[in-house]
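Before any comments, here is the structure.
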Amino acid sequence: VWWQPLGEGLGLNERLSSIAQFEGETIIGGGFTAAGTVPANRVARWTGEGWEPLGAGFDNSNVEALLEWDDGSGPALFAAGSFATSGGQAVNRIAKWNGITWEAVAGGADTNVTSLVIFDDGTGSALYAAGNFQNIGGQAISRVAQWDGTTWHPVGIGPDAFVRDMTVFEDGSAPQG
């Protein structure tokens, strides 16, 4: 298999940080302002024929992570990064695509959210967010948080340093959900 461009790609020196599949389309996020020749504020989708912006996108800050997760109301696309607004509305570094616009997830976080993963600890699937935040969803939670679709929860006491990325490792000792 050889690498092939999707359309005209991104502009010179534009940053791509995340790629996800959502509703059969490839979604990209990063620090770009255009996908090919199409204006797209840090998030765009490949339709199979060309790039399109995904709503208003985000302000002049990066999208660091994109992830599809069913939060109980059907599959949804989540974005995380250093952005504060989308289309003039506050989304505070973590947002959910509702099919038309980006909306804040429980008030968002006080600073960067850099990674998203899905994990089932035996109590059901949950979205985990990590970054440099000290407050998420109006709660004092340090750098790693679990979203159950309704509420943010702390994960232990949280790390004492910026978390840039996470992954799920199944070693066989955790309950299987």
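Details
- Residue-wise HN-Hα coupling along the stretch 36-44, computed from phi with Karplus coefficients 6.51, -1.76, 1.60 (Hz; x: Gly, Pro): x, 9, 9, x, 8, 7, 6, 8, 8
- Rounded FRET efficiency, nearest 0.05, which uses the C-beta distance separating A34 from Q134 and R0 of 41 Å: 0.75
- The per residue volume of the convex hull around the alpha-carbon atoms of the stretch 49-142 is 111 Å³.
- Placing pseudo-labels 7 Å out from each Cα toward the beta carbon at A84 and D121 gives an inter-label distance of 3.2 nm.
- Listed residues A44, S17, S82: farthest to the positive end of the dipole of the stretch 1-119 (Cβ charges): S82
- Computed from point charges on the beta carbon alone (+1 for Lys and Arg, -1 for Asp and Glu), the dipole magnitude for the stretch 21-177 about its Cα centre is near 500 Debye.
- Choice from D71, D160, D110 with maximal GNM fluctuation in the chain (Cα, 10 Å cutoff): D160
- FRET efficiency estimate (nearest 0.05) - Cβ-Cβ, T111 to E8, R0 30 angstrom: 0.35
- Signed unit charges on C-beta, dipole axis of the chain, positive-most listed residue N135, T26, N60: N60
- Multiplying each eigenvalue of the alpha-carbon gyration tensor of the chain by 5 and taking the square root yields semi-axes of 27, 18, 15 Å, largest first, rounded to whole angstroms.
- Between D148 and D59, the FRET efficiency from the beta-carbon distance, with R0 = 22 Å, is close to 0.20.
- For the stretch 114-177, the fraction of alpha-carbon pairs in successive 5 Å shells from zero, as %: 4, 18, 28, 26, 17, 7, 1
- Summarised in one figure, the compactness ratio Rg/Rh of the stretch 13-90, Cα atoms and Kirkwood Rh, is 0.95.
- Qualifying chymotrypsin sites (Phe, Trp or Tyr not before Pro) for the stretch 113-163 [loop in DSSP, other Cβ within 10 Å: at most 14]: F162
- Label-point separation in nm, S73 to L16, each point 7 Å along Cα→Cβ: 3.1 nm
No lab work stands behind these numbers, since they all come straight from the coordinates. Bear in mind the structure is a predicted one, so any value in this text is a computation, not a measurement. For neighbour counting, all protein chains shown are included, and Cβ atoms are generated from backbone atoms with ideal geometry for every residue, glycine included.
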